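Heads up: the structure comes next, in structure tokens.
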Amino acid sequence: EQLLLFDQYTRDLLPQKKRVPVGLSQTVLAADDDLWSWFLDREREAAMSTLSDTDETERPPNRVSAQSEIFCALIYSIQCKASLFETPGKYVSRVAIPLCQYYLELVHTVSTDLRTLLSQRSLPSDRDLTVNIEMWIELINGTQAAAVSLLNKGSSGLFGTTSSPESAVAGDHDLARVGRSSERLREALIDECSSTIVETLMMERAKLATYLMRCSYILSSPDAAEHHGLSPDLGNVASIFSLILERCRDSPATVSSQLDQFAPTAIRLNVIDRLADKFLEVILDAHGMTPVLVLEGCLVVAEDVNTLFNDVHSQLADRLLNVSSFITMENRAMHGLRVALLGLSQTENAPGEVPLLNYAQIVSDGTLLNEAMSMVRAKGYALHLEDAISILNRRRDSF
């Protein structure tokens, strides 16, 4: 350790453009194969021991797991040490790469434990769910920090001028490769967290699946009882959704860094889109369970959607709100739009057959497509033409 510190000290004294001479670390440690191998083994063991002994009980103030912060510090230390040798690639392959693999295994273990805690037979308390979400945020932010650290160091060639070009390039590529693996793990963690929240907590524990099954019947029922506010069946779903939005809300830039907000933003948008997609599948008849729409039933479902997604924005949430608004169009207005689009597309149907709009026919003609979209927008709706046609063909009370 003292040899490494001495070499780094002498290097810092030299002008930046001056070629760094071979240091004592290279002369004493790397010159003897047995000593060099022993030294690399001890370095690897020390790094792994430091990482495994990290105390996660104290929550870091910047919403990044302590284990990830220690990992990034270790990678920086390894980079500095490796730059003191003529063959940094070997140091990286024997010390840094095993450490990276060990770190990824630890992250996977923690994520499995967090998912298991969310998958209990009963709904978690607000406190337990809050703690769980905060730990997901720290884990994902930490993995993002690790990926950025590895990719920045692996692509910037930070090994010192004593390094041979071939060995330095090999070390850079190895770290960049692990950095890309960390990025893929980060995306998997976001999906795993969001999927567990929506598919397990909301769909199963909070009975959203039961509501969505009834939703197909409500949408086609002229006897659906109109109500104000949220259906009682969605109470637990709304509670979970509200807590997620609260814990993952955007913080002012003055008190939050870009890294701090990475995981909360990713989880929030992922959960919103997954939940919105559940409603879109039913309303747009993705599984053939809602062949008919009736205005009375549409008003009931639209009220639930508007209450649940009030002041919530994402790509799919905005699409859902547009769709829920369109399905509640008055019969006369919807009939007029449908007739206009039928006349535009000149759809031919057999005698006695109910005329239906053909989306494929409309989109095959660019001019026809633009005119059809203009007709929908003229009614005050900004939604996909395919969604509009799907609804128009199933709102039989407007025929």
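The values are calculated or read from the model by the stated rules, or taken from the named source; none is laboratory data. Worth saying up front: this structure is predicted, and the values here are computed from it rather than measured. Reconstructed Cβ throughout: ideal geometry from the backbone, glycine too, with neighbour counts over all protein chains shown. Ligands, DNA and RNA are excluded from the accessible area calculation, which covers all protein heavy atoms including side chains. Shrake-Rupley method; radii C 1.70, N 1.55, O 1.52, S 1.80 Å.
Details
- Taking segment 252-301 as the range and being of a type in the set (Ser, Thr, Tyr) and within 24 Å of Asp223 (Cβ to Cβ) as the test, only Thr290 passes.
- Pairs meeting the criteria (first residue in segment 37-53 and over 17 Å from Thr109 (Cα atoms), second residue open to solvent by 50 Å² or more (accessible area, probe 1.4 Å), beta carbons under 7 Å, at least 6 apart or on different chains) are Leu40/Arg94; Arg44/Arg94; Thr50/Ile70.
Per-residue answers, yes or no, for (1) over 15 Å from Met202 (Cβ atoms); (2) of a type outside the set (S, T, N, Q):
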residue: Arg268; (1), (2): no, yes
residue: Asp273; (1), (2): no, yes
residue: Asp277; (1), (2): no, yes
residue: Thr290; (1), (2): yes, no
residue: Cys298; (1), (2): yes, yes
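- Arg186 being charged (D, E, K, R) and at pLDDT 95 or above: yes
- Some residue of segment 119-135 being assigned to a helix (DSSP H, G or I), without any contact (Cβ under 8 Å) to a residue 12 or more places away in the chain and either of a type outside the set (A, V, I, L, M, F, W, C) or surrounded by 21 or more Cβ atoms within 10 Å (Cβ to Cβ) (or both): yes
- Some residue of segment 234-251 being in contact (Cβ under 8 Å) with a residue 24 or more places away in the chain and of a type in the set (Asp, Glu): no
- Residues that are of a type in the set (Asp, Glu), on the phi < 0 side of the Ramachandran plot and in a helix (DSSP H, G or I) are absent from segment 323-342.
- Qualifying residues in segment 317-332 (those that are over 30 Å from the mean Cα position of the chain (by Cα) and not aliphatic (A, V, I, L, M)) - the one most open to solvent (accessible area, probe 1.4 Å): Arg332
- Looking across Val178, Val237, one residue alone is buried (at least 20 other Cβ atoms within 10 Å of the Cβ), in a helix (DSSP H, G or I) and at pLDDT 95 or above. It is Val237.
- Within segment 291-316, being open to solvent by less than 60 Å² (accessible area, probe 1.4 Å), assigned to a helix (DSSP H, G or I) and in contact with a helix residue (DSSP H, G or I) (Cβ under 7 Å, 6 or more places away or on another chain) holds for Leu295, Gly297, Cys298, Val300, Val301, Ala302, Asp304, Val305, Leu308, Leu316.
- Scan of segment 114-127 for residues that are within 22 Å of the chain's Cα centre (by Cα) and not basic (Lys, Arg), ordered by number: Leu114, Thr116, Leu117, Leu118, Ser119
- Taken over segment 236-250, the criterion of being hydroxyl-bearing (Ser, Thr, Tyr) and over 16 Å from Ala317 (Cα atoms) is satisfied by Ser239 alone.
- Tally, over segment 376-399, of residues that are assigned to a helix (DSSP H, G or I), hydrophobic (A, V, I, L, M, F, W, C) and open to solvent by less than 60 Å² (accessible area, probe 1.4 Å): 6
- Just one of the listed residues (Ser156, Ser149, Ser164) is modelled with pLDDT under 90 and within 26 Å of Asp113 (Cα to Cα), namely Ser149.
- Some residue of segment 88-110 being open to solvent by 60 Å² or more (accessible area, probe 1.4 Å) and modelled with pLDDT under 90: yes
- Within segment 200-219, being charged (D, E, K, R) and open to solvent by less than 60 Å² (accessible area, probe 1.4 Å) holds for one residue alone: Arg205.
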